Amino acid sequence: MTTTVIEGNVAGENAQTRRLPRIPLIDQARGVALIAMAIYHFTWDLGFFGYIEPETATTGGWRIFARLIAGSFLFLVGFSLVLGHRQGFRPRPFLIRFGKIALAAAVITLATWFAFPQTFIFFGILHAIAAASLVGLLFVRLPVAITLLAAAAAVAAPLYLRHPFFDHPTLWWLGLSVDVPRSNDYVPLLPWIAPVLLGIALARLFVASALPERLAGFGNATKSRWKSLLEQAGRHSLAIYLIHQPVLIALVYGFSLVVPAPAADPAISYTKSCMRACQNEQSGGFCESFCGCTLNKLMEQNLFADLNRGAIDVTTDERIATISSQCTADAETGIAPKE
């Protein structure tokens, strides 16, 4: 953060024009968020290579952890917007930064399109940061109350404004589709513009107080090696974001060549996958009956092995459709699958 001059009221007193100092804690906070992100991605990699349950990183506490990480990055985006443009829009640094992030987001989309075509990242955290940076500029100089109201509206929008109209792929980035698209990293504008707006609002209050000088002094007085490392990481967050996951994947892949993950039981894997898909629309009792029934019938008809190795197209094979129909009827009438 470059030092710039502002005029305002500091700690309740009329203040002369002052220069805001660099605040190490902001870069350090970004560094902590990077470490948390690396931990989460490493967990995802372990699931992808079969060392832990594949859904571990996308369910339960890990899912909440991922959302907190994304929210922290977006909050810092809003906070930094105010620090960088509180005296007026600075087009050159903004466009340079925006261009780097947009280009990096495009690279992520292209790379994941080839690596994970069914769940490629079309609007992940970098896409959200780029879009939120544009939207956030509109709020940098608006009253704090309006910004906070807009943040609340952004949180509420997906709860009340979802509609099939937004199910078209060109509108997925808004976050208002009824059917949530599959992606390894999906951070739509709504509700995720909310932490950016919250960061803008709090930064406006921050720069109007005496906190910048106090925090700068605290950060410099208690500087240690690990804080310096966090600060350096925070200043190069984009480069670290782009590099860390390929490195982690390479490390886990290399480890898997030496110590392969234990082979998963295909029947257990099928049941878990079936339950996850079914519970999006049905109750747990129905899904347990349906998935158990389909597994038994697939094995009875010697179809399970072919299905498991991808030799059967479930969307066109009439045998699969018949099994699904029979097991749906059994589950709806409460008939338990035969053992």
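The values are calculated or read from the model by the stated rules, or taken from the named source; none is laboratory data. Bear in mind that the values here come from a model prediction, so they are computed numbers and not experimental data. Positions of Cβ are generated from backbone atoms using ideal geometry, with glycine treated the same way; all protein chains shown enter the neighbour counts. Note: areas computed on protein heavy atoms with side chains; ligands, DNA, RNA excluded. Shrake-Rupley method; radii C 1.70, N 1.55, O 1.52, S 1.80 Å.
When Leu176, Leu197 are checked against the criterion of being under 18 Å from Ala128 (Cβ atoms) and in contact with a Lys or Arg (Cβ under 8 Å, 6 or more places away or on another chain), Leu176 stands alone in meeting it. Within segment 154-180, the set of residues being over 23 Å from Pro195 (Cα atoms) and aromatic (Phe, Trp, Tyr) comprises Phe165 only.
Have a look at Gly84, Gly88 and point out the one that is closer than 15 Å to Arg141 by Cα, assigned to a loop (DSSP other than H, G, I, E, B), open to solvent by less than 50 Å² (accessible area, probe 1.4 Å) and out of contact with any helix residue (DSSP H, G or I) (no Cβ under 6 Å at 6 or more places or on another chain). Step through it out loud before you land on a result.
On the way: Gly84 fails: assigned to a loop (DSSP other than H, G, I, E, B).
Only one candidate qualifies: Gly88.
Given the residues Ser183, Ser133, which is the only one that is under 19 Å from the mean Cα position of the chain (by Cα), polar (S, T, N, Q) and closer than 26 Å to Pro91 by Cβ? Quick ask: steps written out before the conclusion?
Working: Ser183 fails: closer than 26 Å to Pro91 by Cβ.
So the residue among Ser183, Ser133 that is under 19 Å from the mean Cα position of the chain (by Cα), polar (S, T, N, Q) and closer than 26 Å to Pro91 by Cβ is Ser133.
The set of residues in segment 114-128 that are in a helix (DSSP H, G or I), at pLDDT below 95 and not aliphatic (A, V, I, L, M) contains only Phe114.
Residue-by-condition table, conditions (1) open to solvent by less than 70 Å² (accessible area, probe 1.4 Å); (2) more than 20 Å from Ala66 (Cα to Cα); (3) not aliphatic (A, V, I, L, M):
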residue: Arg141; (1), (2), (3): no, yes, yes
residue: Ile146; (1), (2), (3): no, yes, no
residue: Phe166; (1), (2), (3): yes, yes, yes
residue: Val187; (1), (2), (3): yes, no, no
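Once segment 52-71 is narrowed to residues that are touching a residue at least 60 places away in the same chain (Cβ under 8 Å) and under 20 Å from Leu126 (Cα atoms), the residue that is surrounded by the most Cβ atoms within 10 Å (Cβ to Cβ) is Ala70.
In segment 190-214, how many are open to solvent by 30 Å² or more (accessible area, probe 1.4 Å), in a helix (DSSP H, G or I) and either closer than 14 Å to Leu25 by Cβ or touching a residue at least 40 places away in the same chain (Cβ under 8 Å) (or both)?
Pass one, segment 190-214, residues open to solvent by 30 Å² or more (accessible area, probe 1.4 Å): 190-192, 198, 202, 204-205, 208, 211, 213-214.
The next check asks that each one be in a helix (DSSP H, G or I); those that pass are 190-192, 198, 202, 204-205, 211, 213-214.
Next, only the ones that are either closer than 14 Å to Leu25 by Cβ or touching a residue at least 40 places away in the same chain (Cβ under 8 Å) (or both) stay: 192, 198, 202, 204-205, 211, 213-214.
Adding up the residues that qualify gives 8.
Contact annotation: residue pairs with Cβ atoms under 8 Å, 6 or more positions apart or on different chains, pairing a residue in segment 287-301 that is of a type in the set (A, V, I, L, M) with a partner that is open to solvent by 20 Å² or more (accessible area, probe 1.4 Å) and not in a helix (DSSP H, G or I), are Leu295/Pro337.
Out of Val187, Val252, one residue alone is touching a residue at least 40 places away in the same chain (Cβ under 8 Å), farther than 30 Å from Ile26 by Cβ, touching a helix residue (DSSP H, G or I) at 6+ places or on another chain (Cβ under 6 Å) and β-branched (Val, Ile, Thr). It is Val252.
Any residue at all in segment 307-314 that is modelled with pLDDT of 80 or more, within 35 Å of the chain's Cα centre (by Cα) and over 30 Å from Leu74 (Cα atoms)? Steps first, please.
Quick first cut of segment 307-314, residues modelled with pLDDT of 80 or more only: 307.
Narrowing further to those that are within 35 Å of the chain's Cα centre (by Cα): 307.
Filter once more, so that each one left must be over 30 Å from Leu74 (Cα atoms): 307.
There is at least one residue in segment 307-314 that is modelled with pLDDT of 80 or more, within 35 Å of the chain's Cα centre (by Cα) and over 30 Å from Leu74 (Cα atoms).
The residues listed here are Leu95, Leu68, Leu81; of these, the one that is more than 25 Å from Val155 (Cβ to Cβ) and modelled with pLDDT of 90 or more is Leu95.
Considering Ala321, Ala264, Ala331, Ala277, which residue is closer than 26 Å to Val178 by Cβ, of a type in the set (A, V, I, L, M) and out of contact with any helix residue (DSSP H, G or I) (no Cβ under 9 Å at 6 or more places or on another chain)? Break it down into steps so the answer makes sense when it comes.
Values: Ala264 fails: closer than 26 Å to Val178 by Cβ; Ala331 fails: out of contact with any helix residue (DSSP H, G or I) (no Cβ under 9 Å at 6 or more places or on another chain); Ala277 fails: out of contact with any helix residue (DSSP H, G or I) (no Cβ under 9 Å at 6 or more places or on another chain).
Selected residue: Ala321, the only one of Ala321, Ala264, Ala331, Ala277 that is closer than 26 Å to Val178 by Cβ, of a type in the set (A, V, I, L, M) and out of contact with any helix residue (DSSP H, G or I) (no Cβ under 9 Å at 6 or more places or on another chain).
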